[in-house]
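Take a look at the structure set out below.
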Amino acid sequence: MGLNVVLLGYGAIGRSLHGMLARHPDRIAVIGVLDGRAPKTADDATGTPLPVLDLATALGCAEVIAECASPAAVREFGPDIIASGTDLLIASLGALVDPRLRGLVLERGPGRAYLTTGAIGGLDLVRASAGTIDAIDLDTRKPPAALLHPGLPGPLRAGIAAAATSGDPCTVFSGSVERAVELFPSNINVAAALALAAGGFTRVHVTITADPAATLTRHEIRIQGSGGNHTFLIGNAADPENPATSALTARAMASGLLRLAGAGPHFI
Ligand SMILES: NC(=O)c1ccc[n+]([C@@H]2O[C@H](COP(=O)([O-])OP(=O)(O)OC[C@H]3O[C@@H](n4cnc5c(N)ncnc54)[C@H](O)[C@@H]3O)[C@@H](O)[C@H]2O)c1
């Protein structure tokens, strides 16, 4: 039988991921969701109802729990999942700016933590070059609606709203990964991904621009080091259900889970 997977989070990514995995019943069985707030647990594409599980039940039946919920869910469930011996695939990488949580999730066991490549590519190169990298600049450009969320401080919210009405792009953030994640906890996971792959949070500088004319989310990644210079330019279409999420993220998670289930080709 295939790999038993439970989805932690059943929003835009969770539903899309479920639909993709349902096309591979020989390799993967999605057996339930851990998301008490999910309005529905049957994917439109498959019509397959999924039971909502509690953590103990999920740990009893899953080989991998795929987190596509929020940084709070990684904090709430991550350490117990890893300690139980169940593997965890993480999308909300911003949670891992916290060194204590990083230790509990990435360095303990016996479960293994896998980090999705999510909305970007090139993390294999960053990881391979980690020892020679001096600096990484991440310039992220999104439509204003993809940056607004209820927890934003008033002045920042006003700046993003002003960009939306002016029609002109506006840089709304420039600083560290930690501060970017604090202000945009669910919107800038790619910054944490780069820092984790590079083995250092201080080497990554983040700039975020609200661009009313943007039709894609754009990440320009410039890497400088003694091993060479590398630039990636990524333009992602938004998930149809959540403008803050790139549709590529669910595809990356599906691809990763299929690899864990044995499907090649295996680039490592
Ligand atoms: N790594 C990446 O490149 C990347 C890209 C996009 C999104 N993400 C992460 O994925 C997350 C999910 O994205 P989405 O577009 O599906 O969001 P969404 O808002 O559409 O869905 C999130 C779902 O998770 C559930 N949830 C949230 N917190 C929970 C908790 N503590 N316990 C159980 N369920 C919980 C919600 O009820 C909701 O159903 C984002 O918060 C973000 O952190 C990562």
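Values computed for the structure shown
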{"quantity": "Number of positions in region 89-124 that are away from the ligand (no atom under 14 Å from the Cβ) and either in contact with a Lys or Arg (Cβ under 6 Å, 6 or more places away or on another chain) or of a type in the set (Val, Ile, Thr) (or both)", "calculated": "1"}
{"quantity": "Condition met for ALA214 (out of contact with any Gly (no Cβ under 8 Å at 6 or more places or on another chain), part of a helix (DSSP H, G or I) and not assigned by TED's automatic domain parsing to the domain that holds HIS18)", "calculated": "no"}
{"quantity": "First in region 88-117 and of a type in the set (Lys, Arg), second anywhere and in a helix (DSSP H, G or I), Cβ under 8 Å, 6 or more apart", "calculated": "ARG102/LEU96; ARG108/PRO79; ARG108/ILE82; ARG108/ALA83; ARG112/ILE82"}
{"quantity": "Region 140-159 residues that are loosely packed, with under 13 Cβ neighbours inside 10 Å, paired with ones that are outside any loop (DSSP other than H, G, I, E, B) (beta carbon under 9 Å, 6 or more apart)", "calculated": "GLY151/LEU183; PRO153/LEU183"}
{"quantity": "Residues of region 233-255 satisfying the condition of being within 20 Å of VAL30 (Cα to Cα) and more than 12 Å from the chain's Cα centre (by Cα)", "calculated": "ALA254, SER255"}
{"quantity": "Some residue of region 48-56 being in contact (Cβ under 8 Å) with a residue 60 or more places away in the chain, closer than 30 Å to PHE184 by Cβ and within 16 Å of the ligand (Cβ to nearest atom)", "calculated": "no"}
{"quantity": "Count of region 235-268 residues which are within 13 Å of the ligand (Cβ to nearest atom), at pLDDT below 95 and under 17 Å from LEU123 (Cβ atoms)", "calculated": "0"}
{"quantity": "Identity of the residue in region 185-225, of a type in the set (Ser, Thr, Tyr) and farther than 25 Å from ARG75 by Cα, that ends up surrounded by the fewest Cβ atoms within 10 Å (Cβ to Cβ)", "calculated": "THR215"}
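The values are calculated or read from the model by the stated rules, or taken from the named source; none is laboratory data. Computed from a predicted model, the values in this text were never measured in an experiment. Neighbour counts are summed over all protein chains in view; Cβ atoms, including those assigned to glycine, are modelled from backbone coordinates with ideal geometry.
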